[in-house]
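See structure below.
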Amino acid sequence: MAKEGAQRAEETEQMIEKEGGKEAAEGSAAGSLRAADTKEMRAVVLSAFGGLNKLRVSKKAMPEPQEGELKIRVKACGLNFIDLMVRQGNIDNPPKTPLVPGFECSGIVEALGDSVKGFEIGDRVMAFVNYNAWAEVVCTPVEFVYKIPDDMSFSEAAAFPMNFVTAYMMLFEVANLREGMSVLVHSAGGGVGQAVAQLCSTIPNVTVFGTASSFKHEAIKDSVTHLFDRNADYVQEIKRISTEGVDIVLDCLCGENTGKGLSLLKPLGTYILYGSSNMVTGETKSFFSFAKSWWQVEKVNPIKLYEENKVIAGFSLLNLLFKQNRGGLIKGVMDKLLNLYNNKKIKPVVDSLWALEEVKEAMQRIHDRGNIGKLILDVEKAPTPLVS
């Protein structure tokens with residue numbers, strides 16, 4: 001009896017051990033399955049507002065499209081000066097960190113949310129995104145997505161929406177550019193500046209005055225009529241050429257340039273402020289630079305505007321899209337711009353391509369105003385090896 005009891009006890013222990021091993025194996029398999037289900041992607045993450053050290057490439061959970069959204073496998077992302085200001089926290093009502101920066105991208109449609117029409121999986125597209133663009137995958141409402149022409153590259157597509165829509169809206173929707181007018185654009189070598197120059201060339205006899213750093217002059221001299229060093233007294237130079245001044249001033253600098261721009265306006269001329277890059281002097285937000293630019297802005301007197309027949313305006317594409325719900329208006333503008341592209345009247349100027357891991361170096365190039373045209377984050381590009 002004792003012998004039989006010992007045998008049964010041994011058999012029971014073996015069964016328990018066997019079942020336990022099976023359960024452990026099943027548990028391990030389930031864990032692996034759950035890990036596989038949790039899809040991840042690379043993304044540029046801003047951990048807090050501040051300098052370049054606040055940016056890093058991290059793994060994040062991959063988003064899935066909600067109703068009315070498209071899921072895009074990103075190929076390229078656009079870098080803009082506003083991204084630098086976001087990094088510094090140098091904007092009104094900045095979002096909470098950590099966040100993924102970026103407002104425009106291009107790529108391939110990977111999935112469709114419910115009720116999405118007009119697109120198919122595999123379509124080549126470019127899109128506006130309310131943050132989160134600097135990642136391998138983004139989801140954005142269908143109203144902010146546009147199909148890419150067959151002969152447009154992904155890098156060109158990522159350089160297209162912000163720059164050309166901004167330039168077009170300011171010139172034609174706000175300032176009503178017509179034949180024979182004159183335009184002053186600051187930062188003429190940048191993405192918006194080059195878009196402005198190209199769009200002005202589609203209207204007969206438009207004179208374009210541009211300011212830019214002197215080292216850019218050789219590269220962009222053919223895109224504008226008259227080019228001045230950004231540090232020179234461009235007001236006197238313009239008045240020497242056109243005694244009455246100009247019809248349109250496009251100002252992305254702010255500060256002292258606001259008063260100069262208003263002084264250059266002809267009667268019925270339009271001054272448009274669309275940026276404030278003079279507030280950015282160092283790597284982090286400077287309250288001194290902000291205050292200096294603010295106090296340099298000429299205090300606008302409505303009576304003076306009335307007496308001089310001048311118009312002062314502001315333009316923010318991101319606010320128009322994401323806060324003021326004008327996606328339909330922008331869709332119409334994009335249709336016109338793509339028609340101009342297809343007719344070879346305009347073409348995005350790409351300065352350089354950077355890997356996600358090189359975002360700090362790319363941002364520094366924007367900060368140094370070293371770019372001619374648009375800087376692009378190429379999601380599939382490997383970082384350039386360091387040379388000793």
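Scanning segment 229-246 for residues that are modelled with pLDDT of 95 or more and either farther than 24 Å from L268 by Cβ or among the basic types (K, R) (or both) yields K239, R240. For segment 337-382, the set of residues classified as on the phi > 0 side of the Ramachandran plot and among the charged types (D, E, K, R) consists of K344, R369, listed by residue number.
Of the residues A212, A175, A197, A232, which is free of Cβ contacts under 8 Å to residues at least 24 places away in the same chain and small (G, A, S)? Break it down stepwise before answering.
Numbers: A212 fails: free of Cβ contacts under 8 Å to residues at least 24 places away in the same chain; A175 fails: free of Cβ contacts under 8 Å to residues at least 24 places away in the same chain; A197 fails: free of Cβ contacts under 8 Å to residues at least 24 places away in the same chain.
Among A212, A175, A197, A232, only A232 is free of Cβ contacts under 8 Å to residues at least 24 places away in the same chain and small (G, A, S).
V359 - would you say it is in a helix (DSSP H, G or I), touching a Phe, Trp or Tyr at 6+ places or on another chain (Cβ under 9 Å), in the same structural domain as N80 (by the TED database) and within 20 Å of A157 (Cα to Cα)?
Numbers: in a helix (DSSP H, G or I): yes; touching a Phe, Trp or Tyr at 6+ places or on another chain (Cβ under 9 Å): yes; in the same structural domain as N80 (by the TED database): yes; within 20 Å of A157 (Cα to Cα): yes.
It is true that V359 is in a helix (DSSP H, G or I), touching a Phe, Trp or Tyr at 6+ places or on another chain (Cβ under 9 Å), in the same structural domain as N80 (by the TED database) and within 20 Å of A157 (Cα to Cα).
One residue stands out among those in segment 244-267 that are in a strand (DSSP E or B) and out of contact with any Ser or Thr (no Cβ under 7 Å at 6 or more places or on another chain): the one that is most open to solvent (accessible area, probe 1.4 Å), which is P267.
Among residues of segment 109-136 that are in contact (Cβ under 8 Å) with a residue 60 or more places away in the chain, those with a Cβ under 9 angstrom from a residue that is among the polar types (S, T, N, Q) and open to solvent by less than 30 Å² (accessible area, probe 1.4 Å), sequence gap 6+ or separate chain, pair up as F128/T140; N130/T140; N132/T140.
At least 1 residues being open to solvent by 50 Å² or more (accessible area, probe 1.4 Å) and not assigned by the TED database to the domain that holds N80 is the threshold, and among the helices (runs of 4 or more DSSP H) wholly inside segment 180-243 those reaching it are 217-220, 234-241. If I filter segment 96-113 for residues that are within 30 Å of G51 (Cβ to Cβ), surrounded by fewer than 16 Cβ atoms within 10 Å (Cβ to Cβ), of a type outside the set (V, I, T) and out of contact with any Phe, Trp or Tyr (no Cβ under 6 Å at 6 or more places or on another chain), do I get at least one hit? The answer is yes, given that some residue of segment 96-113 is within 30 Å of G51 (Cβ to Cβ), surrounded by fewer than 16 Cβ atoms within 10 Å (Cβ to Cβ), of a type outside the set (V, I, T) and out of contact with any Phe, Trp or Tyr (no Cβ under 6 Å at 6 or more places or on another chain).
The values are calculated or read from the model by the stated rules, or taken from the named source; none is laboratory data. Not measured: the values here are computed from a predicted model. So basically every Cβ, Gly included, is an ideal-geometry build from the backbone, and we count neighbours across all protein chains shown. These area figures cover heavy atoms from the full protein model, side chains too; ligands, DNA and RNA do not enter into them. Shrake-Rupley method; radii C 1.70, N 1.55, O 1.52, S 1.80 Å.
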